[in-house]
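For reference, the structure is listed below as structure tokens.
Only the coordinates and a few stated rules stand behind these numbers; no lab work does. Quick caveat: nothing in here was measured; it's all calculated off a predicted structure. Heads up, the Cβs are rebuilt from the backbone with ideal geometry, glycines too, and the neighbour counts pull from every protein chain shown.
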Amino acid sequence: MIDRALIIGAGGFVGDYLIEYLAKNNADEIYATKCSDQKYNNANARIYNLDILDKESIISLLYEIRPTHIFHLAAQSSVGVAWKNPALTIDVNIKGSVNVLDAVRELYYKPRILLIGSGEEYGHIKTDEVPIREDNHLRPGNIYAATKACQNMIGAIYAQAYDMDLMQVRAFNHIGPGQAPLFVVSDFCKQAAEIEKGLREPVIKVGNLMARRDFTDVRDVVRAYCLLVEKGKAGETYNVGCGKAVYINDILTMIISKAHVNISVEVDQSKIRPVDVPIIEADITKIEETIGWTPQISIEQTIEETLEYWREHI
Ligand code: A2R
Ligand code: GDD
């Protein structure tokens, strides 16, 4: 049971799902933060504005709420945006996370903290390292990945040096209705829905289709986070993924087959990244054994629901 949960960065994709899960399952009181320019509300949580680059504001908020559990979701979360704006990504993902940890430290108390890292941290994975375990070398292949690897290293240092009750995850690609169309499944589904409505020519614009990524429904992901803060071990890092990577091309084929019109495909050079590692696939043995979690929602179901979401929202 969670007394007082605080979700930092709830105005994004995962926040709403996490609040919904907490409200139904674990938490007495739920507090959440958003950026001041975001219009975000949730009847199950008390919402505050917070910029994690402002450490004093984090201290004030923690002082007021005294959360027993902190889920730190706030980030610049797009690999594509990180290539275009590395400095912002470094500020938010590294300095911002250090501010959160320092704010907790300065208040001399010991909440459970979950830091959200990324499967991207592993980066250039060797063939014999797939599926990838938590103790593998990190060889990040992009700026976003490097910031999350750095967050993980700093998190481990804080946990050990200051005896913090801190756990970390490396979340692999998570998808579902409501995700921003910056990310591949949401992007392709939105384009398909626009084509169905005659709002664009019948061509989906794509980037690199030969990458393989490990996709999990966001509802399975938030269930993993909640079980981890109850049963996970301080100081540890856990992969959260489905354990099977699929080609982006196969995702595209699935989406096109579910569309109600004929659609062709065109590569948009602006969507090709300077580096895009070929495969990221999680070994999820550790989390399965620790909390008995496995993903339950199929990728087909998530894609259908994401496509339906865009049909209703454009
Ligand atoms: O960038 P925005 O306006 O979408 O706001 C994001 C917010 N955020 C911040 N919050 C507080 N202070 C900041 N300086 C700051 N900069 C950005 O964090 C957004 O509302 C939230 C993150 O949500 P998403 O980008 O939608 O990520 P998602 O999918 O919810 O992923 C949660 C975590 C992230 O750490 C990802 O890197 C990881 O899972 O995969
Ligand atoms: N976004 C996007 N748009 N990606 C495309 C497209 C396209 O049109 N075409 C191909 N791709 C490829 C990308 O090159 C990449 O190989 C893959 O699809 C997934 O891209 P994204 O959905 O943008 O996600 P990501 O893998 O870069 O990052 C996501 O997953 C990480 C965990 O593995 C994000 O959710 C990160 O926050 C998360 O940490």
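Pick from LEU53, LEU199, LEU228: which residue has the top mean-square fluctuation in a GNM of the chain where Cα pairs under 10 Å get a spring?
LEU199
For the chain, what is the calculated [θ] at 222 nm in deg cm²/dmol (nearest 500), taking -39500 (n - 2.57) for each run of four or more DSSP H residues and dividing by its residue count?
So the calculated ellipticity at 222 nm is -12000 deg cm²/dmol.
Test of understanding: what is the full-extension gain from GLU289 to LEU88, defined as 0.36 nm times their sequence separation minus their Cα-Cα distance?
68.7 nm
Taking the stretch 126-174, which trypsin sites (Lys or Arg not before Pro) meet the DSSP loop condition and have no more than 12 other C-beta atoms within 10 Å?
Answer by residue number: LYS126.
Please list, ordered by chain and number, the residues whose modelled amide H lies under 5 Å from the amide H of GLY11; skip anything fewer than 5 residues away on the same chain.
CYS35
Name the residue, out of TYR108, TYR158, TYR40, whose mean-square fluctuation peaks in a Gaussian network model built on the chain with Cα pairs under 10 Å.
With Cα springs under 10 Å in the chain, the top fluctuation among TYR108, TYR158, TYR40 is at TYR108.
Between rounded, prolate and oblate, where does the stretch 1-149 land on the alpha carbon gyration tensor, with a ≥ b ≥ c its root eigenvalues, rounded for a/c under 1.5, else prolate if a/b exceeds b/c?
prolate
Amide H of HIS174 versus every other amide H placed in the peptide plane: which residues, excluding those fewer than 5 positions away on the same chain, fall under 5 Å?
Those qualifying (amide H under 5 Å, at least 5 residues apart or on another chain) are THR216.
Only Cα pairs under 8 Å and at least 6 apart count here; give the relative contact order of the stretch 161-220 as a rounded whole percent.
42 percent
Whose amide H sits under 5 Å from the amide H of TYR31, counting only residues 5 or more places off or on another chain, with H placed in the peptide plane?
Those lying under 5 Å, H to H, from TYR31 are ALA5, LEU6, ILE7, ARG46.
Measure nothing but the geometry: give the 0 to 90° angle between the long axis through the Cα atoms of 299-313 and the longest principal axis through the Cα atoms of the chain, rounded to 10°.
Approximately 80 degrees, to the nearest ten.
For the chain, with a Gaussian network of springs between Cα atoms less than 10 Å apart, report the residue from ASP163, ASP283, ASP37 with the top mean-square fluctuation.
Ranking ASP163, ASP283, ASP37 by mean-square fluctuation puts ASP37 first.
Given 0.36 nm per residue, what is the gain on full extension from ASN249 to GLN301 after removing their alpha carbon distance, in nm?
17.0 nm
Each residue of the stretch 18-25 in order: what ³J(HN,Hα) in whole Hz does its phi give by Karplus 6.51 cos²θ - 1.76 cosθ + 1.60, θ = phi - 60°, with x for Gly and Pro?
Listing the rounded values in order: 5, 4, 4, 5, 4, 4, 7, 10 Hz.
If each of THR127 and GLU312 carries a label point 7 Å out from its Cα toward its Cβ, how far apart are those two points in nm?
4.6 nm
Before anything else, pin down the relative contact order of the stretch 78-200: Cα pairs under 8 Å, at least 6 apart, normalised by residue count, whole percent.
It rounds to 30 percent for the stretch 78-200.
May I ask you to sort THR253, THR127 by Cβ crowding, counting other Cβ atoms within 10 Å and putting the fewest first?
Ranked by crowding around the Cβ, least crowded first: THR127, THR253.
Among SER77, SER36, what is the fewest-to-most ranking by other Cβ atoms within 10 Å?
Listed from fewest to most nearby Cβ atoms, that is SER36, SER77.
What's the angle, to the nearest 10 degrees (0 to 90), between helix 143-161's Cα axis and the longest principal axis of the chain?
Taking the Cα atoms of the chain, the angle to 143-161 is about 20 degrees.
Quickly rank 231-239, 92-100 as a protection proxy: mean count of other C-beta atoms within 10 Å, highest first.
92-100, 231-239
If you fit an axis through the alpha-carbon atoms of helix 248-258 and take the longest principal axis of the Cα set of the chain, what angle between them do you get, 0 to 90°, nearest 10?
60 degrees
Remind me, relative contact order of the chain in percent, using alpha carbon pairs under 8 angstrom and six or more residues apart?
18 percent
Counting only pairs 8 or more places apart or on different chains, how many lysine pairs in the stretch 166-314 have C-alpha atoms closer than 23 Å?
So the count works out to 11.
May I ask what percent, to the nearest 5, of DSSP beta bridges between residues of the chain are antiparallel?
Rounded to the nearest five, the antiparallel share is 10 percent.
Report the semi-axes of the equivalent ellipsoid for the stretch 165-277 in whole Å, largest first, where each axis is √(5λ) for an eigenvalue λ of the Cα gyration tensor.
32, 15, 11
Whole-Hz Karplus ³J(HN,Hα) for the stretch 79-84, in order, using 6.51 cos²θ - 1.76 cosθ + 1.60 and θ = phi - 60°, x for Gly and Pro?
4, x, 5, 4, 5, 7
Order these by the 10 Å Cβ neighbour count, fewest first: TYR21, TYR144.
The most exposed by this proxy come first: TYR21, TYR144.
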